[in-house]
Amino acid sequence: MYYLYEHQLGFHSLALGFPSIGTCNAICLQTTAGLFGVHVYGCDSFNKQAGSNTNAMERESTAFAAFVNNHPNRSGFVHLYSANFHSKRQHQPAGTVDGWKKELKYYAKALGYTGPVSSFDLSSLTNWPTNGSGLDLDSAYVEFRRVFDQVTILCKPWGQCVHPPEQKPGPPVADGVNYRSTTQAGQVSDTFWFKKMISSVTTNGSGFILTPLQTRLTFKFKG
């Protein structure tokens, strides 16, 4: 499986992992062939960046759609998922409570997807530990697993996971098909935007937390 850091794209038939989801968003598209994912960077994604006429979300959702639609394993779309701390996604205007929904609509529209969309709010988990400074909730490791026609969302405090040191990926890391990156211009690239990657993640101590189906906030996108 692939572990998708910020701005990274991946496809795997069974599972995708997302390290350190703090203010970021783990987005996963379930298809009949597997899972497509993108790790959306933690920023005010709806603000326009300097020198651009389109916002960051439009560009990254366009890149994700290009990655999916040009992939050799593209197949029927089943469900669009995300997992993030809804309270940390910094949506405009300030105080927006359903910004996660607006965000996912960008991705559904870019994909030409109509169907069920679900997001799990990591902020709803009780007794979640704080980070090293003790001033904020620890970020999360999120993993999507496909089992037959169902997708399980698992999470774990990032500080309780074991992983090797971040690596600076060289040109061979992105494989040109299943593990790639977005660019600031909204394109798909084999050069990682952020020069870091993680090759494995394991639990330390107790296991993952499974997010129950009934706790996922779901709506149907009709285009």
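The values are calculated or read from the model by the stated rules, or taken from the named source; none is laboratory data. Treat the numbers as computed from the prediction; the structure is a model and nothing was measured. So basically every Cβ, Gly included, is an ideal-geometry build from the backbone, and we count neighbours across all protein chains shown.
Observations
- Criterion (farther than 18 Å from His12 by Cα, under 19 Å from the mean Cα position of the chain (by Cα) and of a type outside the set (S, T, N, Q)) met by exactly one of Tyr106, Tyr141: Tyr106
- Condition met for Lys109 (at pLDDT 95 or above, closer than 17 Å to Val38 by Cα and surrounded by fewer than 20 Cβ atoms within 10 Å (Cβ to Cβ)): yes
Conditions (1) closer than 23 Å to Tyr81 by Cα; (2) not charged (D, E, K, R), marked per residue:
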| position | (1), (2) |
| --- | --- |
| His163 | no, yes |
| Gln167 | no, yes |
| Asp175 | no, no |
| Asn178 | yes, yes |
| Gly186 | yes, yes |
| Phe192 | no, yes |
| Lys196 | no, no |
| Ile209 | yes, yes |
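- Taking the range 175-195 as the range and being touching a strand residue (DSSP E or B) at 6+ places or on another chain (Cβ under 7 Å) and either under 12 Å from Tyr5 (Cβ atoms) or of a type in the set (D, E, K, R) (or both) as the test, the residues that pass are Tyr179, Arg180, Ser181, Thr182, Asp190, Phe192, Trp193.
- Considering only residues in the range 148-178 that are modelled with pLDDT under 90 and in a strand (DSSP E or B), the one that is farthest from Ser20 (Cα to Cα) turns out to be Gln167.
- Whichever residue in the range 179-201 is among the polar types (S, T, N, Q) and under 26 Å from Leu122 (Cβ atoms) and, among such residues, is modelled with the lowest pLDDT: Ser199
- Selected residue (criterion: farthest from Met57 (Cα to Cα)) from residues of the range 203-223 that are under 18 Å from the mean Cα position of the chain (by Cα) and assigned to a loop (DSSP other than H, G, I, E, B): Phe208
- Residue within the range 44-67 that is under 20 Å from Gln8 (Cα atoms), in contact with a Leu (Cβ under 6 Å, 6 or more places away or on another chain), buried (at least 19 other Cβ atoms within 10 Å of the Cβ) and at pLDDT 80 or above present: yes
- When the range 188-197 is filtered for residues that are hydroxyl-bearing (Ser, Thr, Tyr) and either assigned to a loop (DSSP other than H, G, I, E, B) or over 14 Å from Ala63 (Cα atoms) (or both), only Thr191 remains.
- Options Ser181, Ser200; residue that is in a loop (DSSP other than H, G, I, E, B) and of a type in the set (S, T, N, Q): Ser200
- Some residue of the range 202-219 being over 16 Å from Phe120 (Cα atoms), touching an Asp or Glu at 6+ places or on another chain (Cβ under 7 Å) and surrounded by 13 or more Cβ atoms within 10 Å (Cβ to Cβ): no
- Contacts under 9 angstrom Cβ, first residue in the range 148-159 being farther than 17 Å from Thr126 by Cβ, partner in a helix (DSSP H, G or I), 6 or more apart: Gln150/Leu213
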